[in-house]
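Novice: My structure is below; once you've seen it, I'll send some questions.
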């Protein structure tokens, strides 16, 4: 097992290098630091001196890949690539373009993101699976047709409308919870209720449909028919046989997104002004802070690759048929 | 006549779809699922709605210069909607309202100043006393418009009826055909009534700068369609080529392609899009002279967005196709072809490609609606289409603070919601029908 994990971890290294090189090309070669400086300082009426200052302050004044002026390894280390990209591998995210320490920001903002994402995931999972089970239990009836139609309708509404509508209805008209904001500790709950509710509701359509197809595939299997034939009630067979076997794809589907929960939800967080990583990223995009966007791209891909690894491991744990090879 | 990049690609796409249709006509194994689609009531209804949206989008894709003197580029749709385009009010006004949303200081004829809601410049200006006349006027115009629409439909229908005398039976034979006619009838009536009314009122109100919301949301249709279709067009060649090659040749080709798509997949797509759009912005800001007109610049950005969305979204289909090709290459007919010495390129083209086409088709129609929805979200984060482009995302983005006003300014949101919901719902329902017809696993049950 440990050997397998080590092999998978080694496999992640070229992927991360690929991500790193890709972001480097996007941020530094497609557009030179000069372009970025002009963009930040205003397009036209910028002196060459101001551009140089901006670059020096942020360490963008070095050569891209090879510093011919330095000696003794300095040729490689005194470059933008080494200073800005290699540090990411050690989770040293450096300083943002506005002068803040990105690593510290991320550590601090991770928790609000998680406080929103984890309950959303769990409640959403519970609701989706129950809805799907109900539809499968009443299959070939009007209840199922109604359920499917409702799912398609829910799916067709943009998530933005759920947020705006929810804020308007529950926050403004009924005044049940504050419209937006965040607080530390347990006080956060009242701020989190609405976003969690909205993210659950907006996910029901596609989620319930997806689980329904999973369950339907299991329902048609022989062992379920046998269970029914020997006199097991429909509900018993559904819970013990169908749900049990469908757990494997459900579980692995959840595991793959588990690490990404840290990244938070871009839109929900910015709508409800929750100081998580999602709103951090959006702010960075709007301020055109390239250092933060680069750090978040790298962090996101690390977490995704971690998710893939966890998926493979969880497969071997829940499904004894899968052997490590 | 001015051809923007996206226009050219859209018409290229139309030609390609037409050619694909001709090809599929000759293939019995593809005609059978299509017959299933055409006999499904929901599928055909949603197809009619989709085609209606597409025809608006196509009208909006024929651009020309407004006049030889000005530099303004407008489309055929703009030309037809000139009154809508030019009926600019001062600021917000509610749907069908004759008065402005804000109170203003007005000077009456006698020179006295009073504080009240001024009349709109265009909306309901033919009315003497809006309070008493408006409801009646709207009702009369609405029923007239509906009648005209019905008349237009009847003329068209009778024409078709008499021209295709030999096929009269088939026109109304099945439930699906009758449903289609009913839907066409409904669409032609409402469209005509809306066109009629929009000449006299702001049917869906006006926005903050006084622009007609109905015009905005109709213009947004093209943006949604472009994102949904052009992205697919960019994504398909990548996905098909790499997916089939990886599955067929295996070995190092497979390794390289798998590496590429896992790397791309591992970058959160929103961030990759954000990064690329930031880069495009920087590039455009540095090459301003190349983008003289606002329309041209917005169009380039739209194209870039499609390109980037295409690059981030081909991986899913690629993986599916790779898996399917891995299965197919072990089939007897592929092995027979190999044993007979058929060239590998030929095997790929004749034996593998046609047999994965149903997967391609299903994923294309399934992706369409999610792309339309994604556009709105991306525009909200300011990494979507250009702020000057009409799109549902930009409408929502501009309107999201209006819910906090008193009284609530709901019409911009309602308009974008209504149109977007209709398009996405139709696309989703059509996608379901297509999937049920083409997916062999599902087809067995039905």
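We did not get these values from a lab; they are worked out from the coordinates using the rules stated. Please read these numbers as outputs of a predicted model, since none were measured by experiment. Counting neighbours? That spans all protein chains shown, and the Cβs are built from the backbone with ideal geometry, glycine included.
Novice: Would you mind listing how long the range B:64-135 runs along its three principal axes, going by Cα atoms, in whole Å with the largest first?
Specialist: 47, 29, 19
Novice: Also: Given the peptides A:226-235, B:322-331, A:128-137, A:79-88, arrange them by the average over their residues of other C-beta atoms within 10 Å, most packed first.
Specialist: A:128-137, A:79-88, B:322-331, A:226-235
Novice: Also: How far apart, in nanometres, would the label points at residue A:283 and residue B:388 be if each is projected 7 angstrom from Cα along the Cα-to-Cβ direction?
Specialist: Placing both labels 7 Å beyond Cα along the Cβ direction yields 3.2 nm.
Novice: Next up: Would you mind getting me the FRET efficiency between residue A:210 and residue B:331? Use the beta-carbon distance for r and R0 = 22 Å, nearest 0.05. Each step should come with its number before you reach the end.
Specialist: On the way: r = 30 Å, r/R0 = 1.34.
Approximately 0.15, to the nearest 0.05.
Novice: How many angstrom separate the Cα center of the range B:278-319 from the Cα center of the range A:243-281?
Specialist: Value for the Cα centre distance between the two parts: 28 Å.
Novice: When the chain is fully extended, how far beyond the present Cα-Cα distance does residue B:147 get from residue B:285, taking 0.36 nm per residue of separation?
Specialist: 44.5 nm
Novice: Additional query: Work out how far the C-alpha atoms of the range B:177-218 reach from end to end along every principal axis, then list the three figures in whole Å, largest first.
Specialist: Largest to smallest, the principal-axis extents are 44, 18, 9 Å.
Novice: Starting from the Kirkwood Rh over alpha-carbon pairs, what translational D in µm² s⁻¹ does chain B have by Stokes-Einstein at 20 °C and 1.002 mPa s?
Specialist: Calculated translational D: 86 µm²/s.
Novice: Give me B:367, A:92, A:184 ranked fewest to most by other Cβ atoms within 10 Å of their Cβ, as a rough exposure proxy.
Specialist: Ordered by Cβ neighbours within 10 Å, fewest first: A:184, A:92, B:367.
Novice: Please report the relative contact order for chain B, taking Cα pairs under 8 Å with a sequence separation of at least 6, and give it as a percent rounded to a whole number.
Specialist: It comes to 21 percent, rounded to a whole number.
Novice: Further, regarding this structure: Rounding to the nearest 10 and keeping the result within 0 to 90°, find how far the Cα-based axis of helix A:290-318 lies from the longest principal axis of chain A.
Specialist: Compared with the principal axis, the helix lies near 30 degrees.
Novice: Expressed as a fraction of 2.2 N^0.38 Å, the rule-of-thumb size for a compact globular protein of N residues, what is the C-alpha radius of gyration of the range B:76-198?
Specialist: Output field value: 1.56.
Novice: Here's a follow-up. Say each of residue B:129 and residue A:193 gets a label point 7 Å from the Cα, pointing the same way as Cα to Cβ; how far apart are those two points in nm?
Specialist: Distance between label points: 5.1 nm.
Novice: Let me ask another. Taking a point 7 angstrom from the Cα of residue B:181 along the C-beta vector, which residues in the range B:16-41 have backbone N less than 19 Å away?
Specialist: Of the residues in the range B:16-41, B:38-41 have backbone N under 19 Å from the label point off residue B:181.
Novice: Starting from the Cα gyration tensor of the range A:171-211, take the square roots of the eigenvalues, sort them a ≥ b ≥ c, and report rounded, prolate or oblate (rounded when a/c is under 1.5, otherwise prolate if a/b is larger than b/c, else oblate).
Specialist: Cα axes put the range A:171-211 in the oblate bin.
Novice: Related question: Report the far tail of the P(r) of the range B:221-445, meaning the percent of Cα-Cα pairs longer than 27 Å.
Specialist: In whole percent, the share of Cα-Cα pairs in the range B:221-445 beyond 27 Å is 46.
Novice: What's log10 of I(q)/I(0) for the range B:332-377 at q = 0.24, 0.29 Å⁻¹, Debye sum over Cα points only, no solvent?
Specialist: -0.80, -0.95
Novice: Taking Cα pairs under 8 Å and at least six residues apart, what relative contact order does the range B:221-445 come out at, in percent?
Specialist: About 27 percent, as a whole number.
Novice: When a footprinting reagent is the concern and you count Cβ atoms within 10 Å, what order do B:405, B:165 take, fewest first?
Specialist: B:165, B:405
Novice: Treating only the Cα positions of the range A:237-302 as identical point scatterers, give the base-10 log of I(q)/I(0) from the Debye formula at each q in 0.16, 0.17, 0.19 Å⁻¹.
Specialist: -0.63, -0.67, -0.75
Novice: Mind pulling the angle between the C-alpha long axis of helix B:213-249 and the longest principal axis of chain B? Nearest 10 degrees, somewhere in 0 to 90.
Specialist: 10 degrees
Novice: May I pose another question? I want to verify the translational diffusion coefficient of the protein assembly as shown in µm²/s; compute it with Stokes-Einstein, Rh as the Kirkwood radius over Cα pairs, at 37 °C and 0.692 mPa s. Could you put the intermediate results ahead of the total?
Specialist: Numbers: Rh = 29.5 Å.
So the translational diffusion coefficient is about 111 µm²/s.
Novice: Sticking with this structure for a sec: To test your reading of the geometry: what angle, between 0 and 90 degrees and rounded to tens, separates the Cα axis of helix B:411-438 from the longest principal axis of chain B?
Specialist: Taking Cα atoms only, the helix is inclined about 20 degrees.
Novice: Run the quick spin-label model on residue A:153 and residue A:126: label points 7 Å from Cα toward the beta carbon, then report their separation in nm to one decimal.
Specialist: Label at residue A:153, label at residue A:126, 2.6 nm between them.
Novice: Please list the radius of gyration and Dmax for the range A:102-318, considering alpha-carbon atoms only, with Å as the unit.
Specialist: Calculated on Cα positions, Rg and Dmax stand at 20.0, 65 Å.
Novice: Would you mind checking the range A:248-279 for residues with the amide N under 14 Å from a putative spin-label position 7 Å along Cα→C-beta of residue A:111?
Specialist: So the set is A:275-277.
Novice: Express the relative contact order of chain A as a whole percentage, based on alpha carbon pairs under 8 Å and six or more residues apart in sequence.
Specialist: 22 percent.
Novice: Estimate the FRET efficiency between residue B:22 and residue B:91 by the formula 1/(1 + (r/R0)^6), using the beta-carbon distance for r and 56 Å for R0, to the nearest 0.05.
Specialist: Using R0 = 56 Å, I get an efficiency of 0.60.
Novice: Listing A:294, B:319 from the residue with the fewest other Cβ atoms within 10 Å to the one with the most, what is the order?
Specialist: B:319, A:294
Novice: Let me ask something else. Rounded to a whole number of µm²/s, how large is the Stokes-Einstein D of the range B:50-91 at 4 °C and 1.567 mPa s, given Rh as the Kirkwood radius over C-alpha pairs?
Specialist: D = 113 µm²/s.
Novice: Follow-up question, since we're still on this one. Students often get this wrong: which residues of the range A:218-243 have the backbone nitrogen under 17 Å from the point 7 angstrom along Cα-to-C-beta of residue A:139?
Specialist: A:218-230, A:232-243
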